[in-house]
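Inspection log for the structure reproduced underneath, given as structure tokens.
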Amino acid sequence: MDIMAAGAAADIRMYAGGTGIEHEALRVTRQRLIGVGTQSPTATLQVSGTFTVSMTGQDSTPSLHVASNGRVGVGLSAPSHKLHVAGNDVDGLSVSGVGGTGGTHSLTMFGSSVHSLIGAEAARIVAPSNRSLAVEIRGNDGNDRFSVMTASANNATIDTESFVVKNNGIVGVGMANPLSTFGVAGTISATDAIQVGSSSL
């Protein structure tokens, strides 16, 4: 079946539930741009409203869902964040650079909904094999800090700040507010000498 516009300057329009412009469901412009829910598409395919991509035979949970508020869901139909990924795969989220799978630039998130750490890391950052690794965290106020939190249970209510680097370069281990350049709360153990100025301990 061939569908053609009435003339070289006309668009192809499809309607649902009536013939008025408010009932227009799809438009193909003379520039070969396709619009769904919009009369003026500016891309090869432009959808105004909710957008879902599902695998063949997939009934309820879509593979990719773009909500009308701009949020993107992978593996769920109601994303609650700008990018929301859900699924039962061992690798919850994997972002790779050059090389794709197994590439040298990657950010991989493992674990279940209860942050299981059985046999796999919860988060891993891998640098290129021929480059050094730098993790840069920036903010814009005087309270910025880099913290490593730990907890004895799988919840976020009793987290302890085990390691902190404050915005002035002061480092604390086992304490949230170190007062010296390097503060440790607890016993320090070393297999070699600890150098303090020109003296060794």
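The values are calculated or read from the model by the stated rules, or taken from the named source; none is laboratory data. Quick caveat: nothing in here was measured; it's all calculated off a predicted structure. As a convention, Cβ positions derive from the backbone with ideal geometry for all residues, glycine included, and neighbour counts pool all protein chains shown.
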Subset of the range 1-51 that is exposed (fewer than 12 other Cβ atoms within 10 Å of the Cβ) and touching a helix residue (DSSP H, G or I) at 6+ places or on another chain (Cβ under 8 Å) - its residue that is nearest to Gly70 (Cα to Cα): Ala16
Residue in the range 11-26 that is under 30 Å from Leu133 (Cα atoms), among the aromatic types (Phe, Trp, Tyr) and either in contact with an Asp or Glu (Cβ under 8 Å, 6 or more places away or on another chain) or at pLDDT 85 or above (or both) present: no
First in the range 32-52 and closer than 14 Å to Ile12 by Cβ and modelled with pLDDT of 90 or more, second anywhere and aliphatic (A, V, I, L, M) and loosely packed, with under 11 Cβ neighbours inside 10 Å, Cβ under 7 Å, 6 or more apart: Leu33/Ala43; Ile34/Leu45
